[in-house]
Amino acid sequence: MTETLLIRGAKLDGGAAADLIVEGGMISETGHALSRAGATVVDADGLVALPGLVDLHTHLREPGYEASETVLTGSRAAAAGGYTGVFAMPNTLPVADTAGVVEQELALGEAAGFVTVQPIGAVTVGQKGERLAELGAMADSRARVRVFSDDGFCVWDPLIMRRALEYVKAFDGVIAQHAQDPRLTEGAQMNEGAVSAELGLAGWPAVAEESIIARDVLLAEHVGSRLHVCHLSTAGSVEIIRWAKRRGVNVTAEVTPHHLLLTDELARGYDARFKVNPPLRREEDVRAVREGLADGTIDIVATDHAPHPAEAKACEWQAAANGMVGLESALRVVQLAMVQTGMLTWADVARVMSRAPARIGRLSGHGAPLTAGEPASLTLYDPSRTRTFSTTDLHGRSANSPYLGRELPGEVRWTLHAGVATVADGRLLDAPGVRA
């Protein structure tokens, strides 16, 4: 249900306060002391207005793994976190490697209505790394797929990676690589370093990530294609991306909120909520990825939202699944790690969490400036609040968050998806636009 909203006094991208009038799914007017007969007035004094957040890396699990998440429940979690668009990773059952599956995911997202769900197609059939999937058919489908990834698995064969990069050039696509050399990480349980040695857990060396990134930026340069690096996590990876960008390679990279804040020291308690792929790294790596995000080497923040049922985490460390849920906490963690430390402004947050991911994924209608004539997909956020993150903050099917019990700043007060409220006055709505 659409309604006309008069948003008063919001700080646009954290800057000067202004009023916004939202009607017909669009921002129709911006300015000061605006009025509109019959409009619902939203008091946004002290709130930061951001373009609706866009997550380039979300696992919605449907079809096939609905015990962990569905498109509907994941969409609700995204809206609660201030997101208006998410890119759904293809490691479903069946794998999203055909036009039929990505169109099914698109339809499920449209039916849910909380966010724009844009499917990502698999690079190889079944994500097995043996032969290319139907990239062209997925690109030409109603889902208009432009991002392809075998996330969860590395496209390890350099010839297949080269062919994929060549193929997607025809329709301005991008290959999003999960950079993990499988031979160097066989049996790995956590970051390789002092902590893994003390705990007696098999280590996951930084070079397993860095060697794949180095290879792939050279392939992308050779082919002249777009490469995106998923969940970059090490200081060495930041330096490789920095080097590649200086050479003019068309490469972008993402970092997760948890790699901006958490370290491998958390593995000491064997709490599997902190087991993730790539693993939590050293404090030196956390500093490096923060600096890389601040100076533009790393382009975006992406959640790698990875829900799992309780039994997949409530077990011994070695048997536990990798992954964390992150949609509801991402903006709050970025405020803590990057804004409150002075490394990013709110305008920077708008860039790395909305505008740049929408641009990389070619997602129209998202990441637009908060000006008249643009789609009204936006988030109103209160940075002044601080409270303990708890299961009441989670709206998906899984609760494997590393932040439970931790004090985090901020609160999403409103989320508008194409002018329709999905969060209103800090409460996730039962259905988009429908308030009690």
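The values are calculated or read from the model by the stated rules, or taken from the named source; none is laboratory data. Here the structure is a predicted model, which means the values were calculated and not measured. In this analysis, Cβ positions are derived from the backbone assuming ideal geometry, glycine residues included, and neighbour counts consider all displayed protein chains. Calculation scope for accessible area: heavy atoms of the full protein, side chains included, ligands and nucleic acids excluded. Shrake-Rupley method; radii C 1.70, N 1.55, O 1.52, S 1.80 Å.
A simple spin-label model places pseudo-atoms 7 Å from Cα toward Cβ; at MET26 and ARG406 they are separated by 4.2 nm. Amide hydrogen proximity for GLY433: with H placed 1.01 Å from N in the peptide plane, the residues at 5 or more positions away or on another chain lying under 5 Å are ALA421, THR422. For the stretch 146-162, the Karplus equation 6.51 cos²θ - 1.76 cosθ + 1.60, evaluated at θ = phi - 60°, returns couplings of 10, 10, 10, 7, 9, 2, x, 9, 7, 6, 7, 6, x, 5, 5, 4, 4 Hz by residue, with Gly and Pro reported as x. Modelled spin labels at ASP430 and ASP140, positioned 7 Å past Cα toward Cβ, are 4.5 nm from each other. In a reduced charge model with +1 at each Lys and Arg Cβ and -1 at each Asp and Glu Cβ, the stretch 341-405 shows a dipole moment near 160 debye about its Cα centre.
How big is the shadow of the Cα convex hull of the stretch 1-113, averaged over all directions, in nm²?
8.4
Between the residues LEU72, GLY410, HIS395, the greatest Cα displacement towards the positive end of the dipole of the chain, with unit charges on the Cβ of Lys, Arg, Asp and Glu, is found for GLY410. The length gained on full extension between ALA310 and TRP243, counted as 0.36 nm times the residue separation minus their Cα-Cα distance, comes to 20.0 nm. Computed from the alpha carbon positions, the gyration tensor of the chain leads to an equivalent ellipsoid with semi-axes of 33, 24, 21 Å, biggest first. The residues of the stretch 193-303 present an accessible area of 33 Å² per residue when probed at 1.4 Å with all protein chains retained. For the pair the stretch 167-212 and the stretch 107-151, the centres of their Cα atoms are 23 angstrom apart.
Spin-label model, ARG268/ALA39: points 7 Å from Cα along the beta carbon direction are separated by 5.4 nm. Residues of the stretch 137-160 with the amide nitrogen closer than 11 Å to a label point 7 Å from the Cα of GLU166, along Cα-to-Cβ, please. Under cut-off, by backbone N: 159-160. For the chain, the 222 nm mean residue ellipticity estimated from helices alone, with every DSSP H stretch of n ≥ 4 adding -39500 (n - 2.57) and the total spread over all residues, rounds to -7000 deg cm²/dmol. Simple point charges give the picture: +1 on the Cβ of Lys and Arg, -1 on the Cβ of Asp and Glu, and for the chain a dipole about the Cα centre of about 500 debye. Phi angles across the stretch 296-313 convert, under the Karplus curve 6.51 cos²θ - 1.76 cosθ + 1.60 with θ = phi - 60°, into 3J(HN,Hα) values of x, 4, 8, 7, 9, 9, 10, 6, 6, 3, 10, x, 9, x, 4, 5, 6, 10 Hz, Gly and Pro given as x. Applying 1/(1 + (r/R0)^6) with R0 = 35 Å to the Cβ-Cβ distance of ARG287 and THR391 gives a FRET efficiency near 0.70. Its residue count N sets the reference 2.2 N^0.38 Å, and the alpha-carbon radius of gyration of the stretch 25-85 equals 1.61 times that reference. Note on the stretch 137-237: along the principal axes its Cα atoms extend 51, 29, 21 Å, ordered by decreasing extent. Loop-located trypsin sites (Lys or Arg not before Pro) in the stretch 189-273 (DSSP state other than H, G, I, E, B) with a sparse environment of at most 11 neighbouring Cβ atoms within 10 Å: ARG247.
Pairs of C-alpha atoms in the stretch 308-379 farther apart than 20 Å represent 51 percent of all such pairs. Need the C-alpha centroid separation for the stretch 71-100 versus the stretch 1-51, integer Å. What the calculation gives is 29 Å, centre to centre. Using all pairs of distinct alpha-carbon atoms, the Kirkwood hydrodynamic radius of the stretch 118-179 works out to 11.2 angstrom. Inverting the pair-averaged 1/r between distinct Cα atoms of the stretch 313-352 gives 12.2 Å as its Kirkwood hydrodynamic radius.
Under 5 Å from the amide H of HIS231 lie the amide H atoms of GLU254, each residue being 5 or more positions distant or on a separate chain, with H modelled from the backbone and absent for Pro and chain starts. One quarter of the convex hull surface, Cα atoms only: what value does that give for the stretch 290-342 in nm²? If I average the Cα hull's projected area over directions, I get 4.8 nm². In a reduced charge model with +1 at each Lys and Arg Cβ and -1 at each Asp and Glu Cβ, the stretch 2-131 shows a dipole moment near 160 debye about its Cα centre. Rounded to whole Å, give me the distance from the Cα center of the stretch 321-349 to that of the stretch 397-436. One Cα centre to the other: 16 Å.
Counting pairwise Cα distances across the stretch 223-317, what percent come out greater than 22 angstrom? Looking at the stretch 223-317, the distances longer than 22 Å represent 34 percent of pairs.
Based on the Stokes-Einstein relation at 25 °C and a viscosity of 0.890 mPa s, and on the Kirkwood radius from alpha carbon pairs, the stretch 315-436 is assigned a translational diffusion coefficient of 152 µm²/s. Pairing the Cα long axis of helix 235-246 with the longest principal axis of the chain, what angle in degrees results, from 0 to 90 and rounded to the nearest 10? With rounding to tens, the tilt is 70 degrees.
Within the assembled protein chains, the solvent-accessible surface assigned to CYS315 is about 50 Å², based on a 1.4 Å probe. Note: relative contact order over the stretch 176-293, using C-alpha pairs below 8 Å and six or more positions apart, is 27 percent.
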